[in-house]
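The values are calculated or read from the model by the stated rules, or taken from the named source; none is laboratory data. Keep in mind it's a predicted model, so treat the numbers as computed, not measured. Cβ coordinates were reconstructed from backbone atoms using ideal geometry, including for glycine residues, and neighbour counts include every protein chain displayed. Just the protein is used for accessible areas: all its heavy atoms, side chains included, with ligands, DNA and RNA removed. Shrake-Rupley method; radii C 1.70, N 1.55, O 1.52, S 1.80 Å.
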Amino acid sequence: MRKKVPKNEISLEKKRLVVKVCEIITRRSARLAAAGILAILMKLGRNTIANVKEQKKTVIAIDGSLYCKYTKFRGYQLEALQELLPDDVFPTVDLQQAHDGSGIGAAIFVASYSSQNNSRNGT
């Protein structure tokens, strides 16, 4: 059974510690997400300016309330991408909020899987 502790019984020091731990976890998760984005950019060959033809933008759609509603997470993610990408490539990467990204992502995955499966079977 959970015991409710009145707010005034928690010291300011402990409250600040919880906030600091949450900030550390947020920053770390944002950096890990940025590393995942970098891996995708590398796989696509869009991580160097030589591979970014005519400096076209690479738009990355991101779905999820953490990215969309928690601005610190978004800021940490952009900060990490700026550190990881060359200075001339970073401006060509555009992170955008995706609407209904989960449904669209699932549809793309199924279509991609079906296409690969059909090509292997010769159909």
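Rounded to the nearest whole Å², what accessible area per residue is found for the stretch 31-100 with the 1.4 Å probe?
63
Between ASP63 and residues 5 or more places away or on another chain, which pairs have amide H atoms under 5 Å apart, with H built 1.01 Å from N, and which residues are they?
Amide H neighbours of ASP63: ALA98.
Points 7 angstrom from Cα along the Cβ direction at LYS20 and ALA107: gap in nanometres?
Inter-label distance under the simple model: 4.8 nm.
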